[in-house]
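Engineer: Before I ask anything, here is the structure I am working with.
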Amino acid sequence: MNSICVGILALQGDYGKHKEKCDWLGVDSIYVRSSEELNRCTHLIIPGGESTTISKLMKLYGMVDELKKFGKEKYIWGTCAGMILVAKKVDDTRVENLGLIDIYVQRNAYGRQVDSFITEENLPLIDGKEKFKLIFIRAPVLLEYGDSVTPLGFVNEIPVIARNDNVLVSSFHPELTPDLRMHSYFIFKMGKKK
Amino acid sequence: MEKGSFEVKVGLAEMLKGGVIMDITNPEQAKIAEDSGAVAVMALEKIPADIRKSGGIARMADPEIIMRIQKIVSIPVMAKCRIGHFAEAQILEALGVDFVDESEVLTPADEQNHVDKHKFKVPFVCGARSLGEALRRIGEGAALIRTKGEAGSGNIVEAVRHMRLVMSEIRKLTVLGNEELMAEAKRLGAPYELVKKVAKLGKLPVPNFAAGGVATPADASLMMQLGAEAVFVGSGIFKSEDPPQRAKAIVEATTNFDKPEILAKVSSGLKEAMEGIDIHEIPAEQQMQVRGW
């Protein structure tokens, strides 16, 4: 097995927080701002940030086709803005999404910043031991998903984390908490059977 | 379910990292900013260079304009209130703005006290010229700190001065012994608990952005290399000859702040930057940075 190298798309957003979590797990990780950097990775995290900004920069740096290819062969995890970017369908044409997972996503679906919230929830499919602290910042909502997609957790009956074979999405921000279980799931467990 | 907590407020500031927040005065400019890759827009009545020129009292923007801007863009909308003017802040919160900038660019409403920002659900950003000032604002509840620089000057020198001082004072704290921290808190005029926290973290407990005088892609890169985590651009975009072109170039420069080849490319062939002012030509009483403490 090739050794793991986690890329963190560093065009805009809280990529530094994801890097910190990879460092804590002792996993090699690099910031990705070009196709060359992307091709050195086995995994890619698309962080939270502004999906319109990240989308424009992806296109500007000619990374769209490479990202689509990467998303078919290797592991991608999109958090918040990242979830919007990997979705098959988005309610807003300002974002050019990559279409890597069969989900329909609505941007800023909970409202403005004053509606951003923190809650706690069990996510037994990720790790059954303790509740997760889930931080939602101007978060998107996963409205619909296809047969190839498995939801892995809910808040008020809305799926907040889901996956297909190799693409993971979450509408909350595990990178803003000290909890490493989500990163550990993505890096070490995604490759195994569901 | 918890809303409006300090952690949720800082969360949005985290999402803005590596991005450019642009000053705008109407929905058309807001659209240009979003199309150019801004991570947020800052709504105000006049941009700082025009405030400086016209004089008089500068106040919060008209709520109607703010609401029109909120309708047209999907990125966060920020707006400025006067220092200490908590009623303006309450109005902005009621409008659902995503961030309030308690800003020295507007005419202060209270020369003694800043807004008690803990009382609000909306997050606040405040300007600072030193670590003590940054920690006083965080003590009052600010979720994001930016340099003051000298707004509307087109001159980066003051933002550099403020960022260098803040970073240097942070570095100093990390090497002091525990017993020296109270004396340092006294010298800085900063809350002791926050001084201890910074000494331990080696950075501010909230994100730290640059503002005040950014006019070129190189200015944005300079501030990022000095430790800023994102950049506010005030007059630098809409006072330049070709705002969309300059806006896009500054966005790219902020993402690739450490790649000189890309900076060279995006800096090439840009139309005229805004006209700048030498800081020594601005009389002390007309400097915006001395407002607030």
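Rule-based calculations on the coordinates, nothing more; no lab input. As the structure is a prediction and not an experimental result, all values here were calculated from the model. Note that we place each Cβ from the backbone using ideal geometry, even for glycine, and neighbour counts take in every protein chain shown.
Engineer: How high is the FRET efficiency between B:E275 and A:Y31 when r is their beta carbon distance and R₀ equals 41 Å, given to the nearest 0.05?
Structural biologist: The calculated FRET efficiency here is 0.65.
Engineer: Would you work out the charge dipole size for the protein assembly as shown about its Cα centre, treating the Cβ of every Lys and Arg as +1 and the Cβ of every Asp and Glu as -1, and quote it to the nearest 20 debye?
Structural biologist: Dipole magnitude for the protein assembly as shown comes out near 880 debye.
Engineer: Note the per residue figure in Å³ for the convex hull of the C-alpha positions in chain A. Intermediate values should be presented prior to the final figure.
Structural biologist: Details: hull volume 21.2 nm³, N = 194.
Normalising the Cα hull of chain A by residue number yields 109 Å³.
Engineer: Report the gain in length on full extension from B:R164 to B:A183: 0.36 nm times residue separation, minus Cα-Cα distance, nm rounded to one decimal.
Structural biologist: Taking B:R164 through B:A183 to full extension adds about 4.7 nm, to one decimal.
Engineer: Positive end of the charge dipole of the protein assembly as shown (Lys, Arg +1 and Asp, Glu -1 on Cβ, about the Cα centre): tell me which of A:Y110, B:T216, B:G141 has its Cα farthest that way.
Structural biologist: Of the candidates, A:Y110 comes out farthest on the positive side.
Engineer: Further question: Go ahead and run the numbers for FRET between A:D92 and B:K196, Cβ-Cβ distance against an R0 of 41 Å, rounding to 0.05.
Structural biologist: That gives a FRET efficiency of 0.40.
Engineer: Same structure again: Work out the FRET efficiency for B:I72 and B:W293 from their Cβ-Cβ distance, taking R0 = 45 Å, and round it to the nearest 0.05.
Structural biologist: Result of the calculation: an efficiency of 0.80.
Engineer: Taking the Cα-to-Cβ direction at B:R59 and at B:V175 and moving 7 Å from each Cα, how far apart do the two end points lie in nm?
Structural biologist: 5.1
Engineer: Residue separation times 0.36 nm, minus the C-alpha to C-alpha distance between A:K68 and A:K131: what's the value?
Structural biologist: Full extension from A:K68 to A:K131 adds 19.3 nm.
Engineer: Next question, about the same structure. For the range B:104-148, run through the GluC sites (Glu not before Pro) and keep only the ones in DSSP coil with at most 15 other Cβ atoms within 10 Å of their Cβ.
Structural biologist: The qualifying sites are B:E111.
Engineer: May I ask you to compute the full-extension gain from B:V157 to B:E7, defined as 0.36 nm times their residue separation minus their alpha-carbon distance, rounded to one decimal in nm?
Structural biologist: Residue separation times 0.36 nm, minus the Cα-Cα distance, leaves 50.7 nm.
Engineer: Okay, next question. Can you pull the one-decimal nm distance between simple spin-label points at A:E20 and B:Q112, each 7 Å off the Cα toward Cβ?
Structural biologist: It works out to 3.8 nm between the two label points.
Engineer: Membrane-span-like helices in chain B: DSSP H runs reaching 20 Å or more (Cα, own axis), mean Kyte hydropathy at least 1.0?
Structural biologist: Membrane-span-like by this criterion, though nothing is claimed about a membrane: none.
Engineer: When the Kirkwood radius is taken over all Cα pairs of the protein assembly as shown, what Stokes-Einstein diffusion coefficient follows at 10 °C and 1.306 mPa s, in µm²/s?
Structural biologist: Rounded, D is 70 µm²/s.
Engineer: Given Cα pairs under 8 Å that are at least 6 residues apart, what percent is the relative contact order of chain B? Don't skip to the end; give the middle numbers.
Structural biologist: Values: 633 pairs, mean separation 57.4, N = 293.
Result for chain B is 20 percent.
Engineer: Could you pull out the GluC sites (Glu not before Pro) across the range B:185-281 that fall in loop regions by DSSP (anything but H, G, I, E, B) with no more than 12 other Cβ atoms inside 10 Å?
Structural biologist: Values: sites: B:E193, B:E229, B:E241, B:E252, B:E261, B:E272, B:E275, B:E281; in loops: B:E229, B:E241, B:E272, B:E275.
Filter output for the range B:185-281: B:E241, B:E272, B:E275.
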